[in-house]
Each structure stands twice: as C-alpha cells, then as structure tokens.
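S.K.: Starting off with a structure, shown below.
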Amino acid sequence: MNVSIVDYKSGNISSVINSFKEVAEDKVNIEVTSDLNKIKLSDKVVLPGQGSFKSCIDALNKINGLKETLNEFAMTNKKPLFGICVGLQMFADIGYEESETQGLGWISGKVSKIDNQNGKFKLPHIGWNQINIVKESKIFKDINDKSHMYFVHSYEFIPEDKNVISATTDYSSNIVCSVEKENIFGTQFHPEKSDKIGLKIINNFLNL
Amino acid sequence: MLKNRIIPCLDVKNGRVVKGINFVDLKDAGDPVEQAKIYSDGGADEICFLDITASNENRDTIYDVVEKTSKKCFVPLTVGGGVRSVEDINKLLSCGADKVSINTAAVENPKVVIDSSKKFGSQCIVVAIDAKKNGDKWEVFTHGGRNNSSIDALEYAKQMEENGAGEILVTSMDRDGTQVGYDIDLMTKISSKVNIPVIASGGVGNLDHLVDGIKLGKASAVLAASIFHYGKYSVKEAKDYLDSKGIPVRI
C-alpha cells in the first residue's frame, strides 16, 4: 500500500511524517510528496496543515493542479483521505482566519475563531483534552470515549451537517474535533502528537 | 476539559543532559533521547529541551538530539536556547521540534517573533521570559540570565502576545535552581495580563510547588527539571499528586 503525505510547503510536517513512518514500519510505503502523479496513484492521502487557514490554502494553490488532484482523489475517486488540524479545516467552504478565504468545499461549513468568552478561555487551545465520541468512526476502532488527545488551535470547524461529526471536545463550547464523511476523515487534534493513543488512530487509518 | 500540562525540561549541553543550580555548577545526567523517551512513556504531556550554552557555542548537536528524539517520542517537543533567527526556527522544526522557544532574540529583535509566527503559525512559537524582581516589578534578562534588559516583564509578555507568541514560558531568575517554589506573584500577574497560555518555570522543589503554580499562579502548564531527572519524583507521581489535589491532568 502507498500512502502519500502531501508536502505543500506549509508549516512543519516532520512530526506527521515520523509518526506515520513509526506506525507503517515496512508494511506500508509512506511517501512525502507534492508530485501530482504520485498522489493520484496513492491508495491513501494524508493532508496535514499548520499555520493559518489562509496560509495553508494559499500554499495549496501555489502548486499547480494540486487542489484539482486532491479533489479528484477524495471527491471523484472516493479514496481515503485524512486531514489533520488545518488539513481538516480546509474541508470547509470558507475560513475566516486572517481574511475570508475559500476552502476546498468538501464538507459544507465554515471555520471561525473559538469564542474565548471575553478572555475566560485562553487561545490557542493548547494541550490535552478529552474527546467525546458521538458516532462510530473507522479511525476510532479500539479508541475509548474520553480519550485524551493533543490540541493546538484557535479556530474551529463548524460543519452544516452535524452527521459528519464523529467527536467533539469541550473548550468554551462543544468543539468539533473529528469528522468522517464517507471516505474523508479529519481530526482537529494531532494524532501524531497524542502518544500511543494517537498512533492507534493513525494505525486505524492505515488499516482501512 | 482541557488538562493542565506537566512538562519535564532537559537542559542540554553538547548533546548531553545537564542541570544547573542558578545556571552554573552543571552535572551530567545522561542521554537526552533516552531521558525524553522515559518521560514520554511515563506520561509527560510535553518534553522541553533547553540548549543552555547554545548562545555562544556550536549548536549542531541539538539538531541531532531533536531529530533522534522526535522519532521516538510522540508527544510535543519544545526546543529552546540560542534561537536567533527565523532560519534557526525553521531548522529546529524541520528536525522534528513542534515548538521553538525564543528568549534573547525576542528581546533584541521582536521581528523574529512577528515573522516566525506568521511563517510557521503561533502554535509553534513560545516566548521564554527570564524575569528577575527589582523593587515592585520584574525585569527581563537575556543571554541565559547574564544581561539585564531593564524591560518590564509584564508589559513585555503582553507585547509578545501581540507579536504572535502562542505561549509564554516564564522563568523566575530569583527562584531558578533554589527548589523553594515558583514565584507565584510573577506567574499570577503574567497569567492575568495575557490571553495566551502561560508555562511556569523556575524553582520547583516538591510536588506542592506544581500545585501552587497551577492553582495560585494560574499557569496552564508547569515546567520542572531537577525534581524529575534526578529521580526524586516520577512524572506519574506528580500527576497522581495533582489529581489528588483536584487539578485536572491527563492520567
């Protein structure tokens, strides 16, 4: 099996690479690439994302044909794709970080700043928080409800269709922290930084 | 519920772990990669490496340490010490650091914080403040505590938040290495001043000090060095103790 981690020159993806390689051992070939053909031929794609919504979308757009290739992979060919952090947020139609920016539009919804309730909640939301699993998701196989995951973000994805939500976390409000829509998976938290339990999520994705 | 973090810090010099008492009198306490792995297996919420003499020595060893550690530890790794430029930050992140803490460079050239947080995101930019009490205020020290910038620590923390820092790591120079506890007054004042998470550091000698840092100092995370790596307490003991005092921790 070939899994591509999309390297679109936005933020630091070395932890994502390390964790997937750790889990994959020699059973799965992990490719870190922005080569459109390699992505097309992959069995699965991982879309990481760090920095702002706008900077990630801008970086995607800078690579000619990348957006279209990802769109074809996930939406037309319905192959498994895993978005992490801003990688998940980019599924939305629109994001409001820095300036209003159009997202990939794979899951209807928007990405807005977490309400800090007049400073009551510090932002970024940094650290370990528990997830509330609200529907069965293939990437949550053998993951207990209320497991701790590592978060770092100030913006949240608000999907229109609540049925896509597979987990939430409590910080200021009920924040969407995991989605599953057919072949598309995403987590707001960082499985690659969530210790053994996070690696299990990565393993679940690789075993799909 | 968001949990308070416990962050063991390893002071690293020439690729080896050391811990100073008030920044001098160093002892060797082993291999940083192995130590970090012990901490993460023991439930550390994050690992921090501080390259203590990096400002004036060849620091390529730290890149090697970070690279090896990030392949073994799957919890966040923060690296600081001698970080001068956006390029230094880029190099550390590329080696596998998740966050970089900036101290002297943030004082001398605030643009480093502005530019790096724009380029890599605030989530990976930690501004480290070494503060020392002078009368009724605290002043920011640089160069591993050697130089007094005379800048007011509270105002500076706020400024760094505005410049794009994602977290503030506050070390009390007066308390560091003394094991008498955090400077709670300083922690409380900075925590109330900024809307980003504050990590308390400097002075931990027992587990009650960790409790105080969170309960009284309002810190989101507590950092400690010697109480962990000389085996005085394990990370698990620390977490169990915090839990018994009603502090939310990841167990």
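The values are calculated or read from the model by the stated rules, or taken from the named source; none is laboratory data. Values in this document were obtained by computation on a predicted structure and should not be read as measured data. As a convention, Cβ positions derive from the backbone with ideal geometry for all residues, glycine included, and neighbour counts pool all protein chains shown.
S.K.: Residues that are of a type in the set (D, E, K, R): find the strands (runs of 3 or more DSSP E) completely inside the stretch A:118-192 holding 1 or more of those.
M.R.: Hits in the stretch A:118-192: A:155-159, A:165-171, A:173-181.
S.K.: While we're on this one: When you look at B:Asp51, is it closer than 17 Å to B:Gly166 by Cβ, touching a strand residue (DSSP E or B) at 6+ places or on another chain (Cβ under 8 Å), buried (at least 24 other Cβ atoms within 10 Å of the Cβ) and not β-branched (Val, Ile, Thr), yes or no?
M.R.: For B:Asp51, the condition - closer than 17 Å to B:Gly166 by Cβ, touching a strand residue (DSSP E or B) at 6+ places or on another chain (Cβ under 8 Å), buried (at least 24 other Cβ atoms within 10 Å of the Cβ) and not β-branched (Val, Ile, Thr) - is not met.
S.K.: If the requirement is being under 16 Å from the mean Cα position of the chain (by Cα), at pLDDT 95 or above and crowded, with 22+ Cβ neighbours inside 10 Å, which of these qualifies: A:Gly51, A:Gly109?
M.R.: Of the residues listed, the single one that is under 16 Å from the mean Cα position of the chain (by Cα), at pLDDT 95 or above and crowded, with 22+ Cβ neighbours inside 10 Å is A:Gly109.
S.K.: Same structure again: Assess whether B:Lys218 counts as being within 17 Å of the chain's Cα centre (by Cα) and basic (Lys, Arg).
M.R.: yes
S.K.: What are the pairs with Cβ atoms under 8 angstrom where one residue, in the stretch B:203-226, is at pLDDT below 95 and the other, located anywhere, is basic (Lys, Arg) and not in a loop (DSSP other than H, G, I, E, B)? Sequence gap at least six, or different chains.
M.R.: From residues that are at pLDDT below 95, the pairs are B:Ala225/B:Lys19; B:Ser226/B:Lys19.
One line per residue, one yes/no per condition, for (1) among the β-branched types (Val, Ile, Thr); (2) under 21 Å from B:Cys124 (Cα atoms):
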{"residue": "B:Lys158", "(1), (2)": "no, yes"}
{"residue": "B:Gly164", "(1), (2)": "no, yes"}
{"residue": "B:Ser191", "(1), (2)": "no, yes"}
{"residue": "B:Ile199", "(1), (2)": "yes, yes"}
{"residue": "B:Gly203", "(1), (2)": "no, no"}
{"residue": "B:Leu210", "(1), (2)": "no, no"}
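S.K.: Hey, another quick one. Is there any pair with a first residue in the stretch A:78-90 that is surrounded by fewer than 24 Cβ atoms within 10 Å (Cβ to Cβ) and a second that is assigned to a loop (DSSP other than H, G, I, E, B) whose Cβ atoms are under 9 Å apart and which are 6 or more apart or on different chains, and what are they?
M.R.: A:Lys78/A:Glu182; A:Lys78/A:Asn183; A:Lys79/A:Ser42; A:Lys79/A:Asp43; A:Lys79/A:Asn183; A:Pro80/A:Asp43; A:Pro80/A:Asn183; A:Pro80/A:Leu208
S.K.: Still on this structure, I have one more. Which ones in the stretch B:89-113 are surrounded by fewer than 20 Cβ atoms within 10 Å (Cβ to Cβ) and within 14 Å of chain A (Cβ to nearest Cβ)?
M.R.: Within the stretch B:89-113, B:Asn90, B:Lys91, B:Ser94 meet the criteria.
S.K.: Still on this model: Just to check your reading of the model, which residue among A:Ser194, A:Ser172, A:Ser147 is within 14 Å of chain B (Cβ to nearest Cβ) and at pLDDT below 95?
M.R.: When all the criteria are applied, what remains is A:Ser172.
S.K.: Here are B:Ser191, B:Ser150: which of them is hydroxyl-bearing (Ser, Thr, Tyr), within 14 Å of another protein chain (Cβ to nearest Cβ) and farther than 23 Å from B:Asp51 by Cα?
M.R.: Residue meeting the stated conditions: B:Ser191.
S.K.: Would you check if A:His153 is within 9 Å of chain B (Cβ to nearest Cβ) and touching a residue at least 60 places away in the same chain (Cβ under 8 Å)?
M.R.: Here the answer is yes, as A:His153 does meet what is asked.
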